[in-house]
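Here the structure comes first, spelled out in structure tokens, and everything after it is commentary.
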Amino acid sequence: MAKQKFAKDSVTIMTEMVLPNDTNTLNNLMGGRLMYWMDISAAIAAQKHCNRIVVTASADSISFKQPINLGNVITLRSQVTRSFNSSMEVFIEVTAEDIPAKKKIMTHRAYFTFVAVDQHSKPIEVPELIPETPEEIEQYEGALRRRQLRLVLAKRMKPEDAVELKSIFNLGEK
Ligand SMILES: CC(C)(COP(=O)(O)OP(=O)(O)OC[C@H]1O[C@@H](n2cnc3c(N)ncnc32)[C@H](O)[C@@H]1OP(=O)(O)O)[C@@H](O)C(=O)NCCC(=O)NCCS
């Protein structure tokens, strides 16, 4: 297994068209269907990074600000931002396009975490990620803080151990 991989090697672009079976009774894309596509696209990016089977460990908050209409073309761009021991954070950006109207809008951004597992579903080490562009470096640098926040919220890390969050919550200060 490669010890290091570039962030660009995980880029995954997935395109879907919103069809009647994907919509609610208002002819808008159902949130659950979008999350399903996000999960698949992000899982492919994580697999590209580690060349292993991956499982979804968490999905950070996703809000639905505007409806996506029947017939829109959805593009999901996923890329690993940083890897840790067995886990990888993936950033997903979603755009919706009305091709006949020549309108394209960014609709969602989210972070998912995947864990690489072996044949017995046990977490297994993944390659280190090397960021190159300014955007990749910014994502990489923020990933440790986001990891600690989600592990604290999932009760998998004690707040006092989340050193990256000290400046946000004034932890440790009287
Ligand atoms: C994710 C899973 C493999 C973690 O297994 P575990 O035995 O708890 O393993 P560990 O405690 O050693 O954690 C392994 C990694 O998962 C990460 N992790 C665990 N829970 C997490 C969460 N809620 N959010 C983010 N990362 C998480 C840990 O931080 C650790 O990362 P690291 O190795 O990079 O430090 C296990 O909980 C699992 O199989 N969950 C079900 C996955 C699944 O079926 N997904 C589809 C949902 S329908």
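The values are calculated or read from the model by the stated rules, or taken from the named source; none is laboratory data. None of these values were measured; they are calculated from a predicted model. Heads up, the Cβs are rebuilt from the backbone with ideal geometry, glycines too, and the neighbour counts pull from every protein chain shown. When the accessible area is computed, the model is the full protein with side chains, heavy atoms only, and any ligands, DNA or RNA have been set aside. Shrake-Rupley method; radii C 1.70, N 1.55, O 1.52, S 1.80 Å.
Going through E136, E132 one at a time, which residue ends up being of a type in the set (D, E) and assigned to a helix (DSSP H, G or I)? Exactly one residue qualifies, and that residue is E136. Within the stretch 54-73, is there a residue that is surrounded by fewer than 20 Cβ atoms within 10 Å (Cβ to Cβ), among the polar types (S, T, N, Q), at pLDDT 95 or above and within 16 Å of the ligand (Cβ to nearest atom)? Yes, the stretch 54-73 contains a residue that is surrounded by fewer than 20 Cβ atoms within 10 Å (Cβ to Cβ), among the polar types (S, T, N, Q), at pLDDT 95 or above and within 16 Å of the ligand (Cβ to nearest atom).
Of everything in the stretch 147-174 that is modelled with pLDDT of 90 or more and touching an Asp or Glu at 6+ places or on another chain (Cβ under 7 Å), the residue that is farthest from the ligand (Cβ to nearest atom) is Q148. Only one of the numbered conditions (1) within 24 Å of K3 (Cβ to Cβ); (2) open to solvent by less than 50 Å² (accessible area, probe 1.4 Å) is violated by E141, and that is (2).
Report whether or not T107 is hydroxyl-bearing (S, T, Y), assigned to a strand (DSSP E or B), farther than 22 Å from R145 by Cα and open to solvent by 30 Å² or more (accessible area, probe 1.4 Å). Against the criterion (hydroxyl-bearing (S, T, Y), assigned to a strand (DSSP E or B), farther than 22 Å from R145 by Cα and open to solvent by 30 Å² or more (accessible area, probe 1.4 Å)), T107 does not qualify. Among the residues of the stretch 114-123, is any touching a helix residue (DSSP H, G or I) at 6+ places or on another chain (Cβ under 8 Å), assigned to a strand (DSSP E or B) and open to solvent by less than 50 Å² (accessible area, probe 1.4 Å)? The answer is yes, given that some residue of the stretch 114-123 is touching a helix residue (DSSP H, G or I) at 6+ places or on another chain (Cβ under 8 Å), assigned to a strand (DSSP E or B) and open to solvent by less than 50 Å² (accessible area, probe 1.4 Å).
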